[in-house]
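Asker: Okay, here's the structure, questions in a sec.
Nothing in this text is a laboratory measurement; each read-out follows from the coordinates by a stated rule. Not measured: the values here are computed from a predicted model. Reconstructed Cβ throughout: ideal geometry from the backbone, glycine too, with neighbour counts over all protein chains shown.
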Amino acid sequence: MSRRRIQPSSSVPNRDQPREQRPERPDRKEQSRGGRGGGGHGGGHGGGLWLWGTHPVLSALANPERKCRRLLLTLEAMSSHGAEITALGRQRTLPQPESAGRADIDALLPPGAVHQGIALSVEPLEPADVTDLINAAEGKEQAVIMVLDQVTDPHNVGAILRSAAAFGAVGMIVPDRHAPDETGTLAKSASGALERLPLVRAINLVRTLEDLKQAGFWIAGMAGEAKQTLAEAKLSGRIALVMGSEGEGLRRLTREHCDYLVKLPQTDLVESLNVSNAAAVALYELVRR
């Protein structure tokens, strides 16, 4: 694979240099923090963090790292999922299911929440770190990390997390600021992926990209004005795929720390794809090789 960089610079580390010869980096624990959900507490009107919907709730119950506090089900949901919940309860301690009416569950959740008759009060997941993602990539010839640069809509972030899990990414990174907290809305959009894929919050996104470079990752930024498509770049190995916000795209500093700028081919009939749709297409392009 040709590895010409968009912005040649002596500051970009040699991916082939042995790790012990690379410069020491500050403690990453001080640079990035988060969790598979990021540690936020929002998501409902009933206090704490509420998850709702079949896939988010059952995935949380099955996740040994998720502390569950209270489980509410309608009679219909209990009939549909009672056996699975009972089986999960044999594997670890879970709250006793409580029967509740739809109106009771509605009152605990944001207006319009599609809960399918099941809701779960939980504690936020314990923090994950960028080193967790780097370690997950060890020994793999191909590894992808999704990086979001100020994508703020929880529906989009959740949908991208779901696609990242579906296409085998080892994790996702968002900025500590200008990114949604762990909420029921994000979890619902992720359809269970919040419990399965590490979601790291980077206090300094640019420094985190440099940490990924030190670990042998190529940084590919998605930009509509790029001169080559993602397919034309023929990327392989360890890739961090960076997506910017729909309105502004990649920030200047983020762009400057990318090894490649790439785009998706599209007609001029639409201005752009929704960021979650673009992420799904880009992830497929990377893993289909």
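Asker: List, largest first, the extents of the alpha carbons of segment 61-190 along their principal axes, each in whole Å.
Answerer: 47, 34, 23
Asker: Another one. Looking at the P(r) of segment 49-122, how many percent of alpha-carbon pairs lie beyond 16 Å? All intermediate terms of the calculation are to be shown ahead of the outcome.
Answerer: Working: 1068 of 2701 pairs.
In whole percent, the long-distance tail amounts to 40.
Asker: Here's something else I'd like to know. Taking a cut-off of 21 Å between Cα atoms, list the lysines near residue 234, but don't count ones fewer than 8 places away on the same chain.
Answerer: 140, 213, 263
Asker: Using the Kirkwood radius over C-alpha pairs as Rh, can you work out the diffusion coefficient of segment 144-289 via Stokes-Einstein at 25 °C, viscosity 0.890 mPa s, in µm² per second? Please report the intermediate quantities before stating the final value.
Answerer: Values: Rh = 15.0 Å.
For the chosen part, D equals 163 µm²/s.
Asker: Just tell me which lysines come within less than 18 Å, Cα to Cα, of residue 188; anything on the same chain fewer than 8 places away is out.
Answerer: By straight Cα distance, residue 188 reaches 67.
Asker: FRET efficiency for residue 229 and residue 204, Cβ-Cβ distance as r, R0 = 35 Å, nearest 0.05?
Answerer: On the way: r = 30 Å, r/R0 = 0.85.
Working from the Cβ atoms, E equals 0.70.
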